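Taking it in order: structure first as structure tokens, then the write-up.
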Amino acid sequence: MTSPFVRWPVRVASLLACLLFWQVAASHKLDLGLFTFTYVPTPGAVLDAAWRLFTSSSLAMHLGSSLSRVFSGYLLAAVLGVGLGLLIGRSRWAEDTLLPPLEVLRPIPAVAWIPLAILMFPSSELSMVFITFTGALFPVLLNTVHGVEAVDPRLVASARSLGAGRWAILREVVLPGALPSIVTGLAIGMGTSWFCLVTAEMISGQFGIGYYTWESYTLQNYPDIIVGMLLIGVLGMGSSVLVKRLGALATPWYRVRRAA
């Protein structure tokens, strides 16, 4: 196994190389034909814009709005996605009746949900939470179904032969066996929930990181656009890492098996 002391310098060097390319391309207004850096601000201009945002009073409102929308929709999607996934994975009847309509809805992008969400819900706040919910639901649901179906049937049969009932098998065999896959779905769902939220905020929000990014574009504040993009990326990455860390704490047996 490669030591973390070797891997982290490589990761830092990769980020520095990207920043160097960005600085050179933006300062020299590099034109590659297929795309151009003529209007892309330099890292220094973006840093100045970030400092203005972080020292302003609007940052707390934007962050608070986006975080509350993301986590409200995400928590609803996590509960419903895991519950439906366990049901579909363990019941052929549920798979035949619930999975087909869900598979039809799954490919619909977040942008397509926005007009219907505005019509369905009495406030734009609820519609944005709903769009975040739809983005997180399907990764959680499908990974839960996959995890349940991947549980070794011999473990289920052994538990049943020892007298375990349906709920004991679900609690002691199926759920622990599917939990690593569920955690993966929860981490992916967190990332997609941020993606969907930003799309919703660009259209119907008044505060939020997505709204800030879109407003910067309409006002042609190009450094602020990149600040919003980077802030979304950092928040999404941090949220996903948090979910993975919590999932690792909940599955110590899986970490031991991977290490072995």
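Going toward the positive end of the dipole of the chain, with +1 on Lys and Arg Cβ and -1 on Asp and Glu Cβ, which of 76, 176, 117 do you reach last?
Checked the options; the winner is 176.
Quick one: dipole size for the range 13-120, taken about the Cα centre, charges +1 on Lys/Arg Cβ and -1 on Asp/Glu Cβ, in debye to the nearest 20.
Numbers: 6 positive and 5 negative charges, 31 e Å.
Taking the Cα centre of the range 13-120 as origin, the dipole is about 140 debye.
When the chain is modelled as a GNM with alpha-carbon springs shorter than 10 Å, which of 16, 105, 170 fluctuates the most?
Evaluated over the chain, the most mobile residue of the options is 16.
Order the following by accessible area, largest value first: 146, 62. Probe radius 1.4 Å; ligands, DNA and RNA are ignored. Write down the numbers at each step before the final one.
Values: 146 115, 62 15 Å².
My answer, sorted largest first, is 146, 62.
Would you mind telling me the share, in percent, of accessible area of the range 1-141 contributed by carbon and sulfur at probe 1.4 angstrom? Could you put the intermediate results ahead of the total?
Values: 6490 of 8800 Å².
Of all accessible area on the range 1-141, carbon and sulfur atoms account for 74 percent.
Taking the Cβ of residue 145 as the centre, find all other residues whose Cβ is under 14 Å away and add up their charges (Lys, Arg: +1; Asp, Glu: -1). Present the calculation step by step, with values, prior to reporting the outcome.
On the way: positive: 90, 92, 106; negative: 95, 96, 103, 149.
Around residue 145, the surrounding residues sum to -1.
Using θ = phi - 60° and the Karplus curve 6.51 cos²θ - 1.76 cosθ + 1.60, what whole-Hz ³J(HN,Hα) does each residue of the range 136-147 get, with Gly and Pro shown as x?
In residue order, the calculated couplings are 7, 4, 5, x, 5, 4, 5, 5, 5, 4, 4, x Hz.
Which option, (1) 21.8, 88; (2) 20.0, 65; (3) 22.3, 73, is the value of Rg and Dmax of the Cα atoms in Å that was calculated from these coordinates?
(3)
With contacts defined as alpha carbon pairs under 8 Å and 6 or more residues apart, what's the relative contact order of the range 41-254 in percent? Mind dumping the intermediate values first?
Numbers: 266 pairs, mean separation 58.6, N = 214.
Value for the range 41-254: 27 percent.
On a 1.4 Å probe surface of the protein chains, which of 222, 211, 39 comes out largest in accessible area, and what is the full order?
Working: 222 85, 211 65, 39 165 Å².
Greatest to least solvent exposure: 39, 222, 211.
For the full complex of protein chains and a 1.4 angstrom probe, list 196, 18 by accessible area with the highest value first. Don't skip to the answer; put the middle values down first.
Values: 196 10, 18 85 Å².
If we order 196, 18 from most to least accessible, we get 18, 196.
The values are calculated or read from the model by the stated rules, or taken from the named source; none is laboratory data. As the structure is a prediction and not an experimental result, all values here were calculated from the model. Every residue, glycine among them, receives a Cβ derived from its backbone with ideal geometry; neighbour counts consider all protein chains shown. Remember, those area values only see protein heavy atoms, side chains included, never the ligands or the DNA or RNA. Shrake-Rupley method; radii C 1.70, N 1.55, O 1.52, S 1.80 Å.
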